[in-house]
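Structure record follows, encoded as structure tokens.
The values are calculated or read from the model by the stated rules, or taken from the named source; none is laboratory data. Nothing here was measured: the structure is a model prediction, and the numbers come from that model. Cβ placement follows ideal geometry from the backbone for every residue including glycine, while neighbour counts extend to all protein chains displayed. The area values use the complete protein model at the heavy-atom level, side chains included, leaving out ligands, DNA and RNA. Shrake-Rupley method; radii C 1.70, N 1.55, O 1.52, S 1.80 Å.
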Amino acid sequence: MTETLLRGRTLSFLRWPDSVDDHAAYRYEEDGGLLLRDGTIVAAGAYADIAARAGSCVQVIDHRPHLLLPGFIDAHVHVPQMQIIASYGAELLDWLNTYTFPEESHFRDAQHGRRIARLFLDEMVRQGTTTVAAYCSVHRQSAEAFFAEAHDRNMLTIAGKVMMDRNAPDGVLDTPQSSYDDTKALIGEWHGRGRQHYAVTPRFAITSTPEQMEMAGALMREHPDLHMQTHLSENHAEIAFTQQLYPWSKDYTDVYEHYGLLGKKSLFGHCIHLSERESDAMSETGSVAVFCPTSNLFLGSGLFDYQRYRQREKPIRIAAATDVGGGTSYSMLRTMDEGYKVIAQNGEKLTPFASFWQMTLGNAQALSLDDKVGTLDAGTDADIVVLDSRATPGMRLRMERVETLAEELFLLQTMGDDRAIREVYVAGRPAKSTMEMAAA
Ligand SMILES: [Zn+2]
């Protein structure tokens, strides 16, 4: 039995940090050790204690002086949009029609889907992201390609084939029945296989007929343990069009509510313009609002009111995500940097501890995966990111003035990107260095 012992400064959160002085919210070891066996963290703590528990054949990897954190989690991202990220000049609905739908039509070709799935997961690893909740294209083969690639790498993912049967070109449309049949087949083939999780994925209310929304609801009733992911309340034109398509609805959220799509494993991308009633409905059902700051700024959609959602009498569960290709960076560090600025526009601040909580344990809780990922606790999966706070000359210079862990984390978030990711472990295996070696 091979054991690996990682040595470095370990940081893992226990709960939401109330302030920069809330040191009880996390566990930090200046000289920490993580003992990994069969893809799992079997012991975590002070290096000396953990080293004493390791077997004689243990392989020690010394990452000092770098920081070891749980791998980052991206709660909303579109795999088939890698070749339209950074497309100029559109708001949501134009952006979908001009760039997204034509691009996603290429995924009819299974070989293209396999190539992009491979490059997508390579990119996630490069950025320190070890778990994603991903949208594939409407084509069943795009989801098959994605799951096969993630399964090969033993990466924990949530993904689904998009369901969409109207208001888009023929090349990206299914039908209510085919979307149901394809989803059913994908669930059977992939859900619970290794670390793969299926999410029922109606793109959003605009691109589904009421018949298809019924099918999505039926799938959730038949498989109540599944995730559901969609978009909600991103942009004013989108909200108005939805009201037109579902004239009986109280509001946009009511459409999803009507078809039984709200719940603890339901992930709603954006949620920028929710009314009080909608916010209450989200809260009461335990539904998750997914904050996608770079996307919301890029498409001019609006400012997600993170602190208000958190602090209202009926708080809303929140995740954070890149939303690539509407989002402009694959990096969760870049994402939370922009998130900090969006929250500042609302007159609030997000502490560096809260940011790193969000990228790790916070997102794991929002995805109901915190028993597996998002922490460095013994018994959880060994998905780990190694961060270098001196990755660039500018960061190295700034580090000369850094005195606290909070300051260091804030520097990593504000100036860090893929260059700050030294190594990534996926289920205990060094994935980043292995990938780079294979490419060299
Ligand atoms: Zn999206």
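Out of all the residues in the range 208-218, is one or more under 23 Å from the mean Cα position of the chain (by Cα), open to solvent by 40 Å² or more (accessible area, probe 1.4 Å) and either among the polar types (S, T, N, Q) or at pLDDT 95 or above (or both)?
Within the range 208-218 (the criterion being under 23 Å from the mean Cα position of the chain (by Cα), open to solvent by 40 Å² or more (accessible area, probe 1.4 Å) and either among the polar types (S, T, N, Q) or at pLDDT 95 or above (or both)), the answer is no, since none of the residues qualifies.
Of all residues in the range 89-148 being of a type in the set (Phe, Trp, Tyr) and closer than 25 Å to Trp190 by Cα, which is nearest to the ligand (Cβ to nearest atom)?
My answer is Tyr135.
Cβ-Cβ distance below 8 Å, separation of 6 or more or different chains: which pairs start in the range 65-83 with a residue that is closer than 24 Å to His106 by Cα and end on one that is away from the ligand (no atom under 16 Å from the Cβ) and among the acidic types (Asp, Glu)?
Close Cβ pairs satisfying both conditions: Met82/Glu123.
With the condition being more than 16 Å from the ligand (Cβ to nearest atom) and not aliphatic (A, V, I, L, M), I'd like the helices (runs of 4 or more DSSP H) fully within the range 256-340 carrying at least 1 qualifying residues.
Filter on the range 256-340 gives 276-285, 306-311.
Taking the range 60-82 only, how many residues are away from the ligand (no atom under 16 Å from the Cβ) and either open to solvent by 10 Å² or more (accessible area, probe 1.4 Å) or of a type in the set (Gly, Ala, Ser) (or both)?
Count: 8.
Answer with yes or no whether Thr98 is surrounded by fewer than 23 Cβ atoms within 10 Å (Cβ to Cβ), among the β-branched types (Val, Ile, Thr) and not in a loop (DSSP other than H, G, I, E, B).
When the stated conditions are applied, Thr98 passes them.
Any chance you could count how many residues in the range 243-255 are among the polar types (S, T, N, Q) and within 16 Å of the ligand (Cβ to nearest atom)?
Taking the range 243-255 as the starting set, the residues that turn out to be among the polar types (S, T, N, Q) are 243-244, 249, 253.
Next, from what is left, pick out any that are within 16 Å of the ligand (Cβ to nearest atom): none.
Count: 0.
Does any residue in the range 427-440 that is more than 14 Å from Gly128 (Cβ to Cβ) come within less than 6 Å, Cβ to Cβ, of a residue that is of a type in the set (S, T, N, Q) and not in a strand (DSSP E or B) six or more places away or on a different chain, and which pairs are these?
Every condition considered, the pairs that remain are Ala427/Asn154.
Regarding the range 115-137, can at least one residue be identified that is over 20 Å from Asp323 (Cβ atoms) and without any contact (Cβ under 8 Å) to a residue 24 or more places away in the chain?
Yes, the conditions are met somewhere in the range 115-137.
Taking the range 224-242 only, how many residues are assigned to a strand (DSSP E or B), away from the ligand (no atom under 12 Å from the Cβ) and either of a type in the set (Ser, Thr, Tyr) or out of contact with any Phe, Trp or Tyr (no Cβ under 8 Å at 6 or more places or on another chain) (or both)?
Of the residues in that region, 1 qualify.
Can you pull out the residues in the range 113-131 that are assigned to a helix (DSSP H, G or I) and either open to solvent by 10 Å² or more (accessible area, probe 1.4 Å) or touching a strand residue (DSSP E or B) at 6+ places or on another chain (Cβ under 9 Å) (or both)? First the steps, then the outcome.
Restricting attention to the range 113-131, the residues satisfying the condition of being assigned to a helix (DSSP H, G or I) are 113-126.
Across the range 113-131, the qualifying residues are Arg114, Arg115, Arg118, Leu119, Phe120, Leu121, Asp122, Glu123, Met124, Val125, Arg126.
Just to be sure, is Asp383 touching a strand residue (DSSP E or B) at 6+ places or on another chain (Cβ under 6 Å) and buried (at least 24 other Cβ atoms within 10 Å of the Cβ)?
yes
Can you confirm whether Val138 is surrounded by 23 or more Cβ atoms within 10 Å (Cβ to Cβ), part of a loop (DSSP other than H, G, I, E, B) and not acidic (Asp, Glu)?
Details: surrounded by 23 or more Cβ atoms within 10 Å (Cβ to Cβ): yes; part of a loop (DSSP other than H, G, I, E, B): yes; not acidic (Asp, Glu): yes.
It is true that Val138 is surrounded by 23 or more Cβ atoms within 10 Å (Cβ to Cβ), part of a loop (DSSP other than H, G, I, E, B) and not acidic (Asp, Glu).
Out of Leu361, Leu376, I need the residue that is in a loop (DSSP other than H, G, I, E, B), open to solvent by less than 30 Å² (accessible area, probe 1.4 Å) and away from the ligand (no atom under 16 Å from the Cβ). Which one?
Leu376
Collect the residues in the range 344-356 that are part of a helix (DSSP H, G or I), surrounded by fewer than 24 Cβ atoms within 10 Å (Cβ to Cβ) and either in contact with a strand residue (DSSP E or B) (Cβ under 7 Å, 6 or more places away or on another chain) or without any contact (Cβ under 8 Å) to a residue 40 or more places away in the chain (or both), keeping them in residue-number order.
Selection gives Ala344 alone.
Can Asp152 be described as at pLDDT 95 or above, within 30 Å of His191 (Cα to Cα), more than 16 Å from the ligand (Cβ to nearest atom) and surrounded by fewer than 17 Cβ atoms within 10 Å (Cβ to Cβ)? Write out each step before concluding.
On the way: at pLDDT 95 or above: yes; within 30 Å of His191 (Cα to Cα): yes; more than 16 Å from the ligand (Cβ to nearest atom): yes; surrounded by fewer than 17 Cβ atoms within 10 Å (Cβ to Cβ): yes.
It is true that Asp152 is at pLDDT 95 or above, within 30 Å of His191 (Cα to Cα), more than 16 Å from the ligand (Cβ to nearest atom) and surrounded by fewer than 17 Cβ atoms within 10 Å (Cβ to Cβ).
Take the residues of the range 155-167 that are open to solvent by less than 10 Å² (accessible area, probe 1.4 Å), assigned to a loop (DSSP other than H, G, I, E, B) and without any contact (Cβ under 8 Å) to a residue 60 or more places away in the chain: which is farthest from the ligand (Cβ to nearest atom)? Don't jump to the end; show me each part of the working.
Here is the first cut: in the range 155-167, the ones open to solvent by less than 10 Å² (accessible area, probe 1.4 Å) are 155-164.
Now drop any that are not assigned to a loop (DSSP other than H, G, I, E, B), which leaves 155-156, 161, 164.
Narrowing the set further to residues that are without any contact (Cβ under 8 Å) to a residue 60 or more places away in the chain leaves 161, 164.
Values: Lys161: 15, Met164: 13 Å.
Checked the range 155-167; the qualifying residue farthest from the ligand (Cβ to nearest atom) is Lys161.
Is the range 405-419 home to any residue that is within 19 Å of the chain's Cα centre (by Cα), of a type in the set (Gly, Ala, Ser), buried (at least 18 other Cβ atoms within 10 Å of the Cβ) and under 20 Å from Ala133 (Cα atoms)?
There is no residue in the range 405-419 that is within 19 Å of the chain's Cα centre (by Cα), of a type in the set (Gly, Ala, Ser), buried (at least 18 other Cβ atoms within 10 Å of the Cβ) and under 20 Å from Ala133 (Cα atoms).
Quick grid of which residues meet (1) among the hydroxyl-bearing types (Ser, Thr, Tyr); (2) open to solvent by less than 10 Å² (accessible area, probe 1.4 Å):
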| position | (1), (2) |
| --- | --- |
| Ser295 | yes, yes |
| Leu303 | no, no |
| Tyr309 | yes, yes |
| Asp337 | no, yes |
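Of the residues Leu369, Leu397, Leu405, which single one is modelled with pLDDT of 95 or more and touching a Phe, Trp or Tyr at 6+ places or on another chain (Cβ under 8 Å)?
Leu405
Would you be able to say whether some residue in the range 168-178 is surrounded by fewer than 24 Cβ atoms within 10 Å (Cβ to Cβ), within 16 Å of the ligand (Cβ to nearest atom) and in contact (Cβ under 8 Å) with a residue 24 or more places away in the chain?
yes
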